[in-house]
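Take a look at the structure below.
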Amino acid sequence: MASKQRSAATEGDVKAFSQHMDNYSPWELRRLSEHFRPDMVYVIENNIPMVLQELIHGRVITAQQAQDYSGWEKNHDSTSTAEKLVGDIFAVSYAVRLGLWECLFALQSRWAHPNLHGMLDEIIQNGHNLLLEILLNESGHALDPELKACQVEHKAKLCDLTGMMKENKMPGRSEGQIFPIFNRYVELKVISDRHFKKQTHQEHEALAAAGELNEYRLQRRIKSELERITPDRLFRWCFRTHHVPLSVMVSGVAGVGKTTLVQKFIFDWATGKHYQKFAFVFFFKFRDLNTITEKRSLESLICQIYPHLQDKLPRVLEDPEKLLFIFDGLDESKTDLKLSRGGSQELCMNLGDVKPVTVIVASLLNQTLLKGCSVLLTSRPSKLTSLEAGVFHRVASIVGFLSKERERYFSMFFGDERASRKAFAYVRDSQVLYTLCYNPSYCWITCTALKPCFMATAGRPQPAPKTVTQLFVSYITHIMANHTQERPEPQRMRDILVNVGRLAEYGLRYRTLVFQPHYLEVANVEFSPFLSGFLVENPQTDDSAQVTYSFLHLTIQEFFAALVQYLDYKEDKFRDTMDKARSCKEGDYEIFSRFLVGLSHPATKMPLEKYVGKFSAEATRKVIECLSEMNYEELQSREDPEGKRRLMNLLHLLFESRNSQLVPDVLGKDAHMDFSELYLMPVDCTVLAYVLSCCEEIQCLTLDSCFIQNEGLERLRPEMHKVRELSLSDNDLKDDSMKNICSVLKHPNCRLEDLSLGQNMFTEASCTALASALKENQTLFSLDLTRNKMRNTGLSTLLEVLETPQCKIQKLVLQENGLSDDSCGRLCSALSKNSTLRHLNLSANVYTDGCAEDMHLLILTSPSLTDIRLSLNDFSPAVERQLRSLQREGLKIHI
């Protein structure tokens, strides 16, 4: 949650802080300032005007310098301005640098920014310890020659393990080339959030598994609620708990870069770039640990993965505070991690205790084993809800690519500026693909699939994909066409993909992501250069020659599990798979289901049929039948977030199907849709717009508190005229969103009767456009503008509509809009000419006794009014009694 507003910093507070900072020598303050430079830049870039004003007040810079920095921001951007400001101040003197710290301290009382509070708290509470840690992270511990030699060998092993990042090697590239994300990953940001129970499957996993992250919402959360930290600060001081964390969880959806982060983290440690306070780092993958079925001790587990440490292991483990254990991919573990502290009797107490692997992990986290050691875990968010919250001192979420990083990635991938611009413009316009690309793995898959569409060397470019299924079809066919010189014949190709599909299906059913060689033998899959476009070899971490296999990405595994249903349709297997998908509550079959439905569309599967022959017509019929039998009414009737998310997932299935005739059959007549309080991503709005396009009319669409923003409205605008009752309350919509709403109202076939725009941020500036649209509209009966900022001038503009004979509005809600006495006379005049308005709500404004006469006249002279609400204004009790006395049969006065 956002930090609470603190009491204003007094001169005494600032003086006390300044005295505390005087305890640091100029050299120490310079080291601390350089350490916090990234935090300072991030904090300052979020509100440069406020910082400049405070710096002028503190006489750190002059008014002219502040004006120069403002000019720089206009010509560049906020980040470069903040970097320039901090750099300039650091270059001046000790006194000026101290002045910057004092200004930031003074600002914290007015600015609940977690990074600001974090660095101030750390420098006050932990500054001298931090100086020692900075030096320790640079130079490391002094080790005796034997242990130092052991450390050097261990670092070399980890360098070899993580340096090339072979799992992310692009198909068709040489072994030594690194997947491009490696070069960009260091700039990915991590946000810290101790309330990890809120990162539920509903909000994060189900959405982002298909790349559906609302960038605007995420940016707002980062700025207002969450601390942004870089990977080299994961074990930094936590201002909420006032200590350095020992246990850290990094969460992120499939493909966002958890494993890449871990590998980069280890590589940078092994090459001496950060965290040298850890003398030894041990790296384990849960997908590898799944193969260890017998109980082990921690010592034997380390020796199995790192046999070179066997002779020195007792000495290595002597100082737990110098050790870091990293476990990657908790969501891939076949055994649940039980972290409850109440079950301490089951945990390891000694290094030699023999227990299941997950018990060893739990023991390290609970500090019953190697007390003082540090532990880092990664997991998909869906796993977090089942864990004990108090065990982790910090929980962080990987953000992924924001807009500029996506564009930069496209430029890097295509290498051709013209092609990259065209491809990125197409993806941005598509929106489904654009939101998909926040995920680095999807970004690469998208670029790979789009390359033949925008960089065709001969002939006509391929048509660009519009859905996620079409994207993966493009990717698979691209690999088929270009990844092997000796492409198998169609029947042989079909047989190969069937075998790969059955392997994928098995893995999906039994939550297996890593396959031993015998799995491939059973499935009759023979690894080949052709299959390396879908499957990758994973060399074991020890010195053995054994390898395991996994799909290049989880979604590719899910795609093949869906594809095999069409290439080798077997009714019993299909039925079992569908039953499993329906009964699964954890989202494991969600993306699979989208692929399964998407492949039923003729145009989507056609590119693949050129290589593998016709798809099963029976499978297509069964898929459409299963989709048409889904109980929309039951999903729609559920009011809990999970029910609404499942309803949105159904709409995603309809979107992937591209079957416009199927949509009204599933939704039925007079459809109602309520997604209130469910975060809707831009891609959700794209999907919803498609569903609306397939319907003649929607009775009711409720999008309250969905945070859809103007970007979402842009997607919905072409189809919202079909809705009779539309509610967009509490979405922080601003004046620039009104043009989309007006476009709906002006549509020649508009059916909108009831429109709620309450609790947004509309001002009088939007009223001219709204009034113009209302004059053209002939369908709207009810308009709710509760808790906006229309004020008197905005109301005056809207009243022009009520004065027109064509006006059909029967209910107008203007509650809490800052209306004052000056508006009452104009309101009285307009309503005296109106013959349709029956309900008027003016509650919670600032009307006083000064407008009592006008309000009295309004009640008496409005011919059609049957209900008026005046509660929570500033009338005196006497005036309230007077107005209440005007109530008569046919007119209710609420005050």
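The values are calculated or read from the model by the stated rules, or taken from the named source; none is laboratory data. Everything quoted here is computed from the prediction, not taken from an experiment. Counting neighbours? That spans all protein chains shown, and the Cβs are built from the backbone with ideal geometry, glycine included. To get the accessible areas, we keep the full protein, side chains included, count just its heavy atoms, and leave off ligands, DNA and RNA. Shrake-Rupley method; radii C 1.70, N 1.55, O 1.52, S 1.80 Å.
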Within region 386-393, does at least one residue satisfy the condition of being out of contact with any strand residue (DSSP E or B) (no Cβ under 9 Å at 6 or more places or on another chain), open to solvent by 50 Å² or more (accessible area, probe 1.4 Å) and not in a helix (DSSP H, G or I)? yes
Can you tell me which residues in region 563-593 are at pLDDT below 90, open to solvent by less than 40 Å² (accessible area, probe 1.4 Å) and assigned to a helix (DSSP H, G or I)? Ala581, Glu590, Ile591
So which residues in region 227-254 are under 13 Å from the mean Cα position of the chain (by Cα) and modelled with pLDDT under 85, if there are any at all? Gly252, Val253, Ala254
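Results for (1) surrounded by 21 or more Cβ atoms within 10 Å (Cβ to Cβ); (2) at positive phi; (3) assigned to a strand (DSSP E or B), shown as yes or no for each residue.
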site: Leu795; (1), (2), (3): yes, no, no
site: Gly818; (1), (2), (3): no, yes, no
site: Arg826; (1), (2), (3): no, no, no
site: Lys833; (1), (2), (3): no, no, no
Where Leu364 falls short, out of the listed (1) in contact with a Leu (Cβ under 8 Å, 6 or more places away or on another chain); (2) under 27 Å from Ile305 (Cα atoms); (3) not in a helix (DSSP H, G or I): (3)
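Scanning region 435-462 for residues that are of a type in the set (Gly, Ala, Ser) and at pLDDT below 85, which turns out nearest to the chain's Cα centre (by Cα)?
Checked region 435-462; the qualifying residue nearest to the chain's Cα centre (by Cα) is Ser441.
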Filtering region 249-277 down to residues that are of a type outside the set (A, V, I, L, M) and out of contact with any helix residue (DSSP H, G or I) (no Cβ under 6 Å at 6 or more places or on another chain) yields Lys258, Thr259, Asp268, Trp269, Thr271, Gly272, Lys273
Scan region 471-508 for residues that are touching an Asp or Glu at 6+ places or on another chain (Cβ under 7 Å) and either β-branched (Val, Ile, Thr) or not in a helix (DSSP H, G or I) (or both) and jot them down. Val498
Name every residue in region 42-57 that is part of a helix (DSSP H, G or I), open to solvent by 20 Å² or more (accessible area, probe 1.4 Å) and of a type outside the set (D, E, K, R), in order of residue number. Pro49, Met50, Gln53, Ile56, His57
Can Arg787 be described as out of contact with any Asp or Glu (no Cβ under 9 Å at 6 or more places or on another chain), closer than 27 Å to Leu733 by Cα, surrounded by 14 or more Cβ atoms within 10 Å (Cβ to Cβ) and among the basic types (Lys, Arg)? no
Provide a single number: the residues in region 666-681 that are of a type outside the set (Lys, Arg) and either at positive phi or loosely packed, with under 15 Cβ neighbours inside 10 Å (or both). 3
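Residue by residue, here is whether (1) at pLDDT 85 or above; (2) open to solvent by less than 20 Å² (accessible area, probe 1.4 Å) holds:
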site: Pro114; (1), (2): no, yes
site: Gly118; (1), (2): yes, yes
site: Leu130; (1), (2): yes, yes
site: Glu133; (1), (2): yes, no
site: Val152; (1), (2): yes, no
site: Lys155; (1), (2): yes, no
site: Leu158; (1), (2): yes, yes
site: Pro171; (1), (2): no, no
site: Ser174; (1), (2): no, no
May I ask you to list the residues in region 58-69 that are in a helix (DSSP H, G or I) and either crowded, with 19+ Cβ neighbours inside 10 Å or modelled with pLDDT under 90 (or both)? Ala66, Tyr69
Applying the selection to region 610-637, what residues are open to solvent by 30 Å² or more (accessible area, probe 1.4 Å) and aliphatic (A, V, I, L, M)? Ala617, Ile624, Met630
All but one of (1) open to solvent by 40 Å² or more (accessible area, probe 1.4 Å); (2) part of a helix (DSSP H, G or I); (3) not charged (D, E, K, R) hold for Val92, so report the exception by its number. (2)
Entirely in region 217-333, the strands (runs of 3 or more DSSP E) that have 2 or more residues that are surrounded by 19 or more Cβ atoms within 10 Å (Cβ to Cβ) and of a type in the set (A, V, I, L, M): 247-251, 323-328
Of the residues Val391, Val361, Val432, only one is of a type in the set (Val, Ile, Thr) and at pLDDT 85 or above; which? Val361
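Taking the condition of being closer than 20 Å to Lys573 by Cα, open to solvent by less than 60 Å² (accessible area, probe 1.4 Å) and either in a helix (DSSP H, G or I) or hydrophobic (A, V, I, L, M, F, W, C) (or both), how many residues in region 509-527 meet it? Outline the logic, then answer.
Within region 509-527, the first condition is being closer than 20 Å to Lys573 by Cα, and the residues that meet it are 509-512, 519-520, 522-525.
Applying the additional criterion that residues be open to solvent by less than 60 Å² (accessible area, probe 1.4 Å) yields 512, 519-520, 523, 525.
Next, from what is left, pick out any that are either in a helix (DSSP H, G or I) or hydrophobic (A, V, I, L, M, F, W, C) (or both): 519-520, 523, 525.
Count: 4.
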Among (1) assigned to a loop (DSSP other than H, G, I, E, B); (2) touching a Phe, Trp or Tyr at 6+ places or on another chain (Cβ under 7 Å); (3) of a type outside the set (Phe, Trp, Tyr); (4) farther than 22 Å from Arg428 by Cα, there is one condition Ser676 misses while meeting the rest; what is its number? (2)
Count of region 372-385 residues which are surrounded by fewer than 21 Cβ atoms within 10 Å (Cβ to Cβ) and in contact with a Ser or Thr (Cβ under 8 Å, 6 or more places away or on another chain): 1
Mind checking which pairs have a first residue in region 387-407 that is over 18 Å from Phe235 (Cβ atoms) and a second that is open to solvent by 10 Å² or more (accessible area, probe 1.4 Å) and of a type in the set (Phe, Trp, Tyr), Cβ under 8 Å, 6 or more apart or different chains? Arg406/Phe424; Arg406/Tyr434; Glu407/Phe424
What residue, among those in region 837-885 that are surrounded by fewer than 20 Cβ atoms within 10 Å (Cβ to Cβ) and touching a Cys at 6+ places or on another chain (Cβ under 6 Å), is farthest from Thr797 (Cα to Cα)? Leu857
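Output yes when any residue across region 30-39 is basic (Lys, Arg), open to solvent by 40 Å² or more (accessible area, probe 1.4 Å), more than 22 Å from Glu133 (Cβ to Cβ) and assigned to a helix (DSSP H, G or I), and no when none is.
The first filter runs over region 30-39 and keeps only residues basic (Lys, Arg), leaving 30-31, 37.
Within this subset, residues satisfying the condition of being open to solvent by 40 Å² or more (accessible area, probe 1.4 Å) are 30-31, 37.
So of that shortlist, the ones also more than 22 Å from Glu133 (Cβ to Cβ) come out as none.
No: zero hits.
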Looking at region 420-435, can you tell me whether even one residue there is open to solvent by less than 10 Å² (accessible area, probe 1.4 Å) and farther than 28 Å from Ile479 by Cα? no
With the requirement that a residue be in a loop (DSSP other than H, G, I, E, B) and farther than 22 Å from Ser737 by Cβ, what does region 797-809 give you? Glu803, Thr804, Pro805, Gln806, Cys807, Lys808
